[in-house]
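I have placed the structure first, in the form of structure tokens, so that the comments after it can refer back to it.
The values are calculated or read from the model by the stated rules, or taken from the named source; none is laboratory data. What you see is a predicted model; the values in this text were computed from it and never measured. Virtual Cβ from ideal backbone geometry, glycine too; neighbours counted across all protein chains shown. Just the protein is used for accessible areas: all its heavy atoms, side chains included, with ligands, DNA and RNA removed. Shrake-Rupley method; radii C 1.70, N 1.55, O 1.52, S 1.80 Å.
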Amino acid sequence: MPFIVFEGLDGSGKSSLMTALEKELVSHTTRVMRTREPGGTPLGDEIRNMILRTEGAAPTPRTELLLYEASRAQHVDLVIRPALQKNQWVLCDRFTASSVAFQASGRKISEEWVERLNEFATDGVNPDLTVLLDLSVEESRRRRNYRESFAGNKEDRIESEADSFHERVRNSFLRQAEQNRQKWLVLDAGKTPDQLLQQLLTHLRGLRWLSL
Ligand code: TYD
């Protein structure tokens, strides 16, 4: 069954699109496992808190990368691989491409190291498709500020990085998509939720993963 990852800057609408796709799949009796990184397992959720909290000691860039990879290994072994073996579709909010974008391009760790650690953590379990919701840094910041003032969401440690960091992250996602067009779908996150869902469904039908 397909393993689909959703990537993009914070505020790009990954969760809404994942919810809409999940609803569509479930209404056609497809079995779906929805999950996220960092997290997706009890230990992964503890690691998520250690990485993203703004109080207490912050991990250095290499430690941060290893924490994301530790969460990923646990997630692959306990959630993603078993779900795929049970013929479930797996929809995952962020995966290896985020480590390339945030830790290699954002934090300036060598991409070669990030890729080697990704390979170790995933142990051969790779997405069949990565959907990138592309958004400008300006719009991402606007949406995050809105969430903060109206929903009371406080920025986490990564979100509170400078715009130049987020520019590098965005460019990395676009470059990764360009380098592997067969396995990436780039959507304009400025489109309406329904337009995004329809574009995604059309793509999945084109891949013959869906006949609805
Ligand atoms: P996410 O849950 O997508 O945050 P939000 O709900 O605010 O969109 O991801 C948490 C943060 O972790 C996000 O800022 C991206 C970052 N991240 C990395 O830096 N590297 C990684 O490998 C992953 C998976 C996430």
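Of all residues in the stretch 144-167, at least one satisfies being part of a helix (DSSP H, G or I), of a type in the set (Lys, Arg) and either in contact with a Lys or Arg (Cβ under 7 Å, 6 or more places away or on another chain) or farther than 29 Å from His28 by Cα (or both).
Conditions tested, residue by residue: (1) away from the ligand (no atom under 13 Å from the Cβ); (2) surrounded by fewer than 18 Cβ atoms within 10 Å (Cβ to Cβ).
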| position | (1), (2) |
| --- | --- |
| Arg107 | no, no |
| Leu117 | no, no |
| Asp123 | yes, yes |
| Ser140 | no, no |
| Asn153 | no, yes |
| Asp156 | no, yes |
| Ser164 | yes, yes |
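So that you can scan it fast, the table gives a plain yes or no per residue for (1) outside any helix (DSSP H, G or I); (2) among the charged types (D, E, K, R):
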residue	(1), (2)
Pro38	yes, no
Ile47	no, no
Ile51	no, no
Thr54	yes, no
Pro59	yes, no
Ala73	no, no
Asp77	no, yes
Pro82	no, no
Ser99	no, no
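Looking only at the stretch 19-36, count every residue that is in a helix (DSSP H, G or I) and either surrounded by fewer than 17 Cβ atoms within 10 Å (Cβ to Cβ) or within 17 Å of the chain's Cα centre (by Cα) (or both) and tell me the total. Residues flagged as in a helix (DSSP H, G or I) and either surrounded by fewer than 17 Cβ atoms within 10 Å (Cβ to Cβ) or within 17 Å of the chain's Cα centre (by Cα) (or both) within the stretch 19-36 amount to 7.
Quick check: is even one residue across the stretch 83-90 open to solvent by 10 Å² or more (accessible area, probe 1.4 Å) and either within 13 Å of the ligand (Cβ to nearest atom) or under 18 Å from Phe120 (Cβ atoms) (or both)? Checked against the condition, which is being open to solvent by 10 Å² or more (accessible area, probe 1.4 Å) and either within 13 Å of the ligand (Cβ to nearest atom) or under 18 Å from Phe120 (Cβ atoms) (or both), the stretch 83-90 yields no hits at all. As a summary of the residue check, Asn171 satisfies the conditions (1) within 26 Å of Ala83 (Cβ to Cβ); (2) away from the ligand (no atom under 13 Å from the Cβ) except for the one numbered (1).
Reported count of residues in the stretch 1-17, each being part of a loop (DSSP other than H, G, I, E, B) and either crowded, with 18+ Cβ neighbours inside 10 Å or near the ligand (Cβ under 8 Å from one of its atoms) (or both), is 5.
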